[in-house]
1. Quick check: pseudo-label points 7 Å beyond the Cα along Cα→Cβ at Thr164 and Ser237, how many nm apart are they?
2. Once Lys and Arg get +1 and Asp and Glu get -1 on their Cβ, which of Leu167, Ala189, Val252 lies farthest toward the positive end of the dipole of the chain?
3. Taking 0.36 nm per intervening residue step and subtracting the Cα-Cα distance, what contour gain separates Arg176 from Val75 on full extension?
4. With +1 on each Lys and Arg Cβ and -1 on each Asp and Glu Cβ, how big is the dipole of the range 19-79 about its Cα centre, in debye rounded to the nearest 20?
5. Calculated from the structure, Rg/Rh (Cα atoms, Kirkwood Rh) equals which of (1) 0.96; (2) 1.01; (3) 0.94?
6. Under a point-charge model restricted to the Cβ atoms of Lys and Arg (+1) and Asp and Glu (-1), what is the dipole moment magnitude of the chain relative to its Cα centre, in debye to the nearest 20?
7. With labels modelled as points extended 7 Å from the Cα through the Cβ direction, what inter-label distance (nm, one decimal) is found for Arg199 paired with Ala245?
8. Between Ile89 and Leu29, with labels modelled 7 Å along Cα→Cβ, what's the label distance in nm to one decimal, could you check?
Amino acid sequence: MGGYALDGSQPTSLRGDSSGDRLLAVLGLFTLDRPGWTVEAAAEALSVSPATTYRYFKRLTRAGLLSPVSGANYVLGPAIIQMDRQIQICDPMLNAARQVMHNLIQNAVERSTILLCQLFHDRVMCVHQVMGRGPQEPVSYERGRLMPLFRGATSKIILAHVPTRTLRLFFAQHERDIPSAGLGESWDAFRSALTALRRAGYCVSRGEIDAGRIGVAAPIFGRDRGVLGSLSFVLPSDTPDEQIADIASLTVAGARTIERTIHGSSLNQPGPARIKIGR
């Protein structure tokens, strides 16, 4: 990914790290842009010998994390699918959010989508999506797809609650891109914009990710008040302002319900009331 992660750590490197870090670096080579690797190509990319790289590939293949295919290529293996299934069944935030998202979408405006996203290094990842009634264009936020942290309500409301020390690192890394996202041209302006979002408790954006769409998002916090992710509505661009205000209130309420369920204080409590927010 490059640059700094939001915890301030530097990207994984093979040199001087543990064998576990080296195996993770090998897995990190496999991306949508390049899903298949040979041992020789990986060795060159990682600046290690083919013999060492082969040992890593062998260990990962034995664990099911890589699979050999034709032409001496390797791709990600079936263990990744097994892990994804376990996440979908066992992830606390996802389990807490499903019923809330189901309740909210029932009476939402037509062509709406609800997203559950979480922080992942210096990006935001969608972990669940619920689409409402009526025809609608696909939403860019798809499960597993990494999105920028400074565009769209879904990401901005998470960014607003990242610790200041980490925000400084992020600003230094993305200083050229942040002004175009409407978050200020200096550190002070950037910090002020995020402070305003924190005080508001939610974020509304228009057309920043998908043309013709409005995003409304609220943060989801862990027990220690660290931000875990966000709950978002994606609405058609013709949604009236008064309905957007209602949806923002329901989104915030939904996020608080998810938090209470995660923390175990209301495991049997239903999600937000099924309030009609559109025709």
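No value in this document is a laboratory result; all are computed from the given coordinates. This is a predicted model, so every value here is computed, not measured. All Cβ positions, even for glycine, are placed from backbone atoms using ideal geometry, and neighbour counts span all protein chains on display.
1. 3.9 nm
2. Val252
3. In short, 32.9 nm is gained.
4. 260 debye
5. Read-out taken from this structure: (2).
6. Numbers: 31 positive and 24 negative charges, 136 e Å.
Result for the chain is approximately 660 debye, rounded to the nearest 20.
7. Output for this residue pair reads 1.9 nm.
8. Distance between label points: 3.2 nm.
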